[in-house]
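Below you'll find the structure, written out as structure tokens, and then a few comments.
The values are calculated or read from the model by the stated rules, or taken from the named source; none is laboratory data. Owing to the predicted nature of the structure, the values given are computational and were not obtained by experimental measurement. Cβ sites come from the backbone with ideal geometry, for glycine too, and all protein chains shown count toward neighbours. In case anyone asks, the SASA skips ligands and DNA or RNA and just uses the protein heavy atoms, side chains included. Shrake-Rupley method; radii C 1.70, N 1.55, O 1.52, S 1.80 Å.
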Amino acid sequence: MTTKNGRLLLVEDETLILLNLKSTLHDLGWEVAHMAAKIGTALDIARTGSFDAAIIDINLDGSMTYPVADILKERSIPFAFTTGYGKNGIDNAYSKVPILPKPFSRDQLETLLDGLLPR
């Protein structure tokens, strides 16, 4: 598959959100290189996966995903959080990480990605 924008890691535990996100990203010219719905899988992929950026649900079935974000930061891979809690639900240590609010529009997603990986 040829991608015009880049390869992404998606970390999301809600199947419908994940499938909708994957479809929208494909329409926007992004390749979903990896997907994870469990924290252990997300950590493994964050450590060893090959991708350009990541979109991470802040809470996977009750587990906060800050350890995933820390690995991506160490690897200098840009990422953003998705959350239905807004900025108030994010630990202050991650206050500068871009947020994609749930629910989100296609335009919000595209704007977020343009900020993560400018073309």
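Please figure out what share of the DSSP beta bridges in the chain is antiparallel and state it in percent, rounded to the nearest 5. Kindly include the intermediate steps, with their values, before the conclusion.
On the way: 2 of 19 bridges.
In the chain, DSSP labels about 10 percent of beta bridges as antiparallel.
Rounded to the nearest 20, the Cβ-based charge dipole of the stretch 9-96 about its Cα centre (Lys and Arg +1, Asp and Glu -1) stands at 220 debye. Once all protein chains are placed together, residue 66 keeps about 40 Å² accessible to a 1.4 angstrom probe. Overall, the anisotropy analysis places the stretch 1-66 in the oblate class: the square-rooted eigenvalues a ≥ b ≥ c of its C-alpha gyration tensor yield a/c not less than 1.5, with a/b not exceeding b/c.
The apolar share of the surface of the chain, taken as the fraction of accessible area on carbon and sulfur atoms (1.4 Å probe, ligands and nucleic acids excluded), comes to 50 percent. Ranking 16, 48, 89 by Cα position along the charge dipole of the chain, where only Lys, Arg, Asp and Glu carry charges on their C-beta atoms, puts 48 farthest toward the positive end.
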